[in-house]
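A short worksheet on the structure shown next.
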Amino acid sequence: MAARADGHIDGKERELLSQEIAKLQPDDELHAWIQQQFDAPLDPSVFARTVDCPQGKREIYLVSAAIIDDQNPMERAWLDQLASALELDPVITRELERQLLAM
């Protein structure tokens, strides 16, 4: 959803998203859920309410952080809003982003 923060997902973002999802080795349920989110509302608080467990919150943040364009301030702002809506501690979000860099 972070990739949609600027209003659309272009071909480059879609390809990057597919690559990052594959790295996470999602099960069929998670993969289907991610695909459904392309049509979901962009409001991070609405999005966050669909997640009901700590692991799910971390996974959603991780997938979103994986596809964000750090050069796009709208996408970064959306990711920060998502972290807040998911009630993720900044220490956790920094660790998740560190893990992404190590991949």
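A few comments on the model shown:
- Given (1) more than 13 Å from the chain's Cα centre (by Cα); (2) farther than 21 Å from Arg94 by Cβ, index of the condition Gln71 fails: (2)
- The range 60-76, subset in contact (Cβ under 8 Å) with a residue 12 or more places away in the chain and not in a helix (DSSP H, G or I), residue nearest to Ser18 (Cα to Cα): Ile68
- Residue ID - modelled with the lowest pLDDT, chosen from residues in the range 9-59 that are of a type in the set (A, V, I, L, M) and outside any helix (DSSP H, G or I): Ala40
- Hits in the range 77-91 - residues which are in contact (Cβ under 8 Å) with a residue 24 or more places away in the chain and crowded, with 16+ Cβ neighbours inside 10 Å: Trp78, Leu79, Gln81, Leu82, Ala85, Leu86, Leu88
The values are calculated or read from the model by the stated rules, or taken from the named source; none is laboratory data. Model, not experiment: these values are computed from the prediction. Don't worry about glycine lacking a Cβ; one is built from the backbone with ideal geometry, like all the others, and counts go over all protein chains shown.
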